[in-house]
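Notes to accompany the following structure.
The values are calculated or read from the model by the stated rules, or taken from the named source; none is laboratory data. Quick caveat: nothing in here was measured; it's all calculated off a predicted structure. Note that each Cβ is placed from the backbone with ideal geometry, even for glycine, and that neighbours are counted across all protein chains shown.
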C-alpha cells in the first residue's frame, strides 16, 4: 500500500519570500509511476523533497495511506531517494554503500547480506561489490544509487533527475531499465522528477506538470495532472500545451466568430477556421487562441486536399531537414507569430515559396483569453 | 528544521563553555585587576583604586610625572615601538612576499624546490630564529659582521641587537625573514586562483607585463591580500617573543606586551600591569576597527 | 611553455637562487655552528674544521634538563591539540552546515578571540591557574593554550566542513543517520586530511608558545622547550654557550621542519582555506 496524498500543500522558504509551492493537491495511487515535470523554478524538486522529508511543508497535509507524514523524519517514512549526483559514500564499497542504511536501522548481518545480494542481482552489480565509487562509471554509480534504495524495500521510490548526468545513449538505456524496475517491483510507487518532457512522456503513468514564475501565484503550482496522452491531447491551458510536445504547439491569436455544440468558428489570419471544440462558455467576438501542433499541420501541394479544413496561405521562411522529417518555419501574415510545421521526409523548397496550410478541425485546440482550454469534442486516445 | 538549530547549539556548547572559562573569564578578571593595586605574590589581597592605574600620577596616561611628554614615557615609548615595528615589518613582508609569490607563480625548473626552501624560515620556532639570528648578528663573532667587514661595507663591527639605533631594525629584519614565506604562500594561492584567460588575452593584445600587474593582477588579489595584511598587522601589534629574546628589551625595542610583562611579572605590579594590558587590548580592538574600515575588508562570509 | 627572453631567465634564476640562499642559509649555518666546539665557535669559517657532537651531548647533561623540556612540550602540545580537535569537530559541523541566527557574530567573535594579545588575559589567567593548582606545572599550560588553539581549529575545520557536498549529507539523513553519525561515519573519512593538517598547524603553534610558558612555569623541570632554550646558560655568567644553544635549536627545529616539508601541500591549503576563502 503506497498511496500518497497532497492536500493543499504550500511551501515558503522564508516569511517574506514568495510561495515556492502553492495549493498543490494531487494523489499518487498505489504502485503508480508519477512524474513531476516543469520548467526550472517550478518547485518540482522541492515537492519531491517534501515527500522525502528533507524540506518542511509550510501548510497543508502530506499523507501516506491516510497517515499524516508532515512531522515524521525521512527515515521513518518508508521512502528511499535516488539523488541526481548519486551521493554515494566515497569511502565505502558498493556493498557497504548499499548496506549502510540497513545497518543504521539495526538489521542483523544475515538479513542485510541477503537483501544486498538480492538487489545486486536485480541490478547486475554482483561483480562490482568490492569497488569504491571512484572506480565505477557514471552508469554503474547510478545503479548502485538505485540499489541502495531497493535494499530498504521502501513504499515509495523518489528519483531526483537521475538521468541528467548521463550521456544521451546511456540515458535511453537507463530509462528502459527504470521502466523495467517499476514493472518488477510492482507494489511500490515511484515519484520521478525531471525537466525533460520526453522522460515524462515515456516513463509516467501519471504526469504532474507544475507552473513556474508568476503563474504559481495566479493559478497554484499544479498546471495539470493526467496521463501522458491526456496532457498531449487535452492540455488544460496554453502553458501545458506549449510544454508538452516538441517542437512547441503553434498558437495563433484570433476572434471567436461562432460557437455551436461540438464546433466553433474562429477568425485567424483573416480566415474563418472551424475547430472541433466546445466554446459554449465564451462570448462571441472574444479574443481566443487557436492551437495546432506542428505535426498536425498539413501542407497541401497544388490544391490537393481542397475542402479538408480551412486553408491558410503561408510563405516559407526557412526549412530544417532532420533526415526523417523536416521542420518548416512559415509566415502566415504580418504581426502573426511564425508557425512551425513538421512534415515527413526531406522537403527542400526555396525560402519565399508560397505554401498552403490545411487546418483540420479535429486537430485544433482552442484557448480563451486567459489561456484556458475549451473541451475538445473529438475521440482521443487516453 | 528547528531541530537542526537546537542541534547546532548543542554541538557548539562545549566549545563555548570552554572558551568562556579560558578566555572570557580571565579577560574580565584582568580588566578588573586593572582597577586595583595588587601584588603578584598575593593575588587575593587587592585594593580597589579606581582609575589610578590609568590616569594620574601613577597612571599610564595623562601622568603629570611625564616631564618629557607622553611619547617619551615608558608606556608611550612602548606604543611607539610596537606600531613602528608593526607597520614597517608588515610593509616589508608584504612587498617581499609579493615578489616571492610572483616569482613562484612563474614556471621554471626547480620551482618546487624553491617553494619548499621558502617554507623553512616559517617552520623554525620564533625562539630558535631569535637565537639563531642573535648568533649571526653577534657583534664580535657574528657571521653578518664578518661578511660585511670582508665586503668592505662597514668599517667596524656593529652591535646589531644591542645598539639602540639598530636594535629595532634587527628585530624587523628577523620578523620579515620569518613571516615573508607565510605572506608569499597566501598571495601565491590567490594568484593561482586567478583566471588564466585574461592573461592569455592580454598576451595576444601585447600588453606590457608591468601594466598587466598593476591593472589586472593587483586588483584581483586585492581582497585576500588585504585580509592577510590586516591579520598580520593585528598580529604584529602583540609582538613579544622576538623582542624579548633577541634584544635587551630596553626602551629602544620594548613592545607594549613587553612592558606589561616587565611590570606585571618582573616588578610584580599586577594592577598597573593589568591596566597596561587592558589598554593594549583596547588599542588593538580600535586598530582592528580602523583597519577594517579603511580597507573595507569583509572578514566573515555570510553562511 | 612560453618563450622567455634570455635576460629574463637569468634574472629569474638569480632571484630564485638568492631567495633560496636567504631562506635556507641561516638554518644551515645554525646546523654548522652546532657542530663547533670551544674556540672553533669564534673563528670565522662557516663550516667547522673538526665537527663534533659534544654540544648535543652537553645538552642532556647540562643544568637545563633539555630532555625533560622536550617531553613537556610534546605532552602539552599533544593534549591541547587533541582536546581542541575533539571539540572543534562538532562545533565546526554546526558552524559550517547549519543555518542559525547569530552564526556570523559567533564566527567573528571567535576570530576576535584568536586575535587578542596574550597579555590581556595574563593576570586573570594567573589567578585561574593558581586556583586550579596548576601553577608551575607543565600540564597547566593547556589552559591558556586553548585560547588560541580552539578558535583556530574551529575556524579552519569550519571552512572544510562547508565544502562537503549537501547531497551526501542528505543521503545519510535518508539512511536514518543523526548528526553525530553523519559527522563521524560519513564526514570524518573525508575530513581526516584536513584534521591532520589542522592538527599539525595547531601543534606547531602550541609548541612554539613562549609568553605563557615563561610566566606560569618557574621550575626548570617543568619548563617547555622554547623557554628552555632561551635560558641555556654557560658555566659563568658571561659565557654564552652558543654551540649548545644551536644544538638545542637544531633538535627542536628538525622534526618540525620535516613535518612541515612532508605535509606542505596540506598545510598550505589549510592556511589559505582560512584566508583566501574565509
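Quick notes on this one:
- Qualifying residue in region B:45-63 (condition: under 24 Å from the mean Cα position of the chain (by Cα), in a helix (DSSP H, G or I) and more than 10 Å from chain C (Cβ to nearest Cβ)): no
- Matching residues, region A:177-219, being out of contact with any helix residue (DSSP H, G or I) (no Cβ under 9 Å at 6 or more places or on another chain), within 22 Å of residue A:125 (Cα to Cα) and part of a helix (DSSP H, G or I): A:180, A:183
- Total residues in region C:252-278, condition surrounded by 18 or more Cβ atoms within 10 Å (Cβ to Cβ), more than 7 Å from chain B (Cβ to nearest Cβ) and modelled with pLDDT of 80 or more: 0
- Each residue in region C:130-141 was checked for being surrounded by fewer than 22 Cβ atoms within 10 Å (Cβ to Cβ) and within 12 Å of residue C:78 (Cβ to Cβ), and 1 of them qualify.
- Residue in region C:81-94 that is within 13 Å of another protein chain (Cβ to nearest Cβ), part of a helix (DSSP H, G or I), in contact (Cβ under 8 Å) with a residue 60 or more places away in the chain and closer than 30 Å to residue C:32 by Cα present: no
- For residue C:77, the test of being within 12 Å of chain B (Cβ to nearest Cβ) and either under 16 Å from the mean Cα position of the chain (by Cα) or buried (at least 22 other Cβ atoms within 10 Å of the Cβ) (or both) is passed.
- Checked against (1) within 16 Å of the chain's Cα centre (by Cα); (2) modelled with pLDDT under 90, residue C:99 meets all criteria but (1).
- Where residue C:177 falls short, out of the listed (1) more than 14 Å from chain A (Cβ to nearest Cβ); (2) part of a loop (DSSP other than H, G, I, E, B): (1)
- Considering residues of region B:217-237 that are over 18 Å from residue B:96 (Cα atoms) and touching a helix residue (DSSP H, G or I) at 6+ places or on another chain (Cβ under 6 Å) only, the residue nearest to the other protein chains (Cβ to nearest Cβ): B:234
- Among the residues of region A:57-112, those that are in a strand (DSSP E or B) and touching a residue at least 12 places away in the same chain (Cβ under 8 Å) comprise A:59, A:60, A:61, A:62, A:63, A:64, A:79, A:80, A:81, A:82.
- Considering residues of region B:238-285 that are facing chain C (nearest Cβ under 7 Å) and assigned to a loop (DSSP other than H, G, I, E, B) only, the residue farthest from residue B:82 (Cα to Cα): B:240
- Given (1) under 24 Å from residue A:261 (Cβ atoms); (2) without any contact (Cβ under 8 Å) to a residue 12 or more places away in the chain, index of the condition residue A:322 fails: (1)
- Tally of residues being farther than 15 Å from residue B:161 by Cα and either in contact with a strand residue (DSSP E or B) (Cβ under 8 Å, 6 or more places away or on another chain) or facing another protein chain (nearest Cβ under 7 Å) (or both) across region B:128-147: 2
- Here the condition is being over 14 Å from the mean Cα position of the chain (by Cα) and either under 30 Å from residue B:59 (Cα atoms) or exposed (fewer than 15 other Cβ atoms within 10 Å of the Cβ) (or both); of B:190, B:155, it holds for B:155 alone.
Residue-wise test of (1) free of Cβ contacts under 8 Å to residues at least 60 places away in the same chain; (2) in a strand (DSSP E or B); (3) under 28 Å from the mean Cα position of the chain (by Cα); (4) closer than 30 Å to residue A:198 by Cα.
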residue: A:254; (1), (2), (3), (4): yes, yes, no, no
residue: A:266; (1), (2), (3), (4): no, yes, no, no
residue: A:333; (1), (2), (3), (4): no, no, no, no
residue: A:342; (1), (2), (3), (4): no, yes, yes, yes
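- On inspection, residue C:147 qualifies as at the interface with another protein chain (Cβ under 9 Å from one of its Cβ atoms), buried (at least 23 other Cβ atoms within 10 Å of the Cβ), in contact with a helix residue (DSSP H, G or I) (Cβ under 6 Å, 6 or more places away or on another chain) and part of a helix (DSSP H, G or I).
- Verdict on residue B:197 being out of contact with any strand residue (DSSP E or B) (no Cβ under 8 Å at 6 or more places or on another chain) and farther than 30 Å from residue C:116 by Cα: yes
- Residue in region C:207-217 that is over 25 Å from residue B:8 (Cβ atoms), surrounded by fewer than 18 Cβ atoms within 10 Å (Cβ to Cβ) and more than 10 Å from every other protein chain (Cβ to nearest Cβ) present: no
- Within the set C:113, C:121, the sole residue that is at pLDDT 90 or above and either buried (at least 19 other Cβ atoms within 10 Å of the Cβ) or under 30 Å from residue B:291 (Cα atoms) (or both) turns out to be C:121.
- Helices (runs of 4 or more DSSP H) wholly inside region C:196-265 that include at least 3 residues being under 12 Å from the mean Cα position of the chain (by Cα): C:242-262
- Per this entry, residue B:14 is counted among residues that are at pLDDT 90 or above, surrounded by fewer than 21 Cβ atoms within 10 Å (Cβ to Cβ) and either touching a strand residue (DSSP E or B) at 6+ places or on another chain (Cβ under 6 Å) or at the interface with chain C (Cβ under 8 Å from one of its Cβ atoms) (or both).
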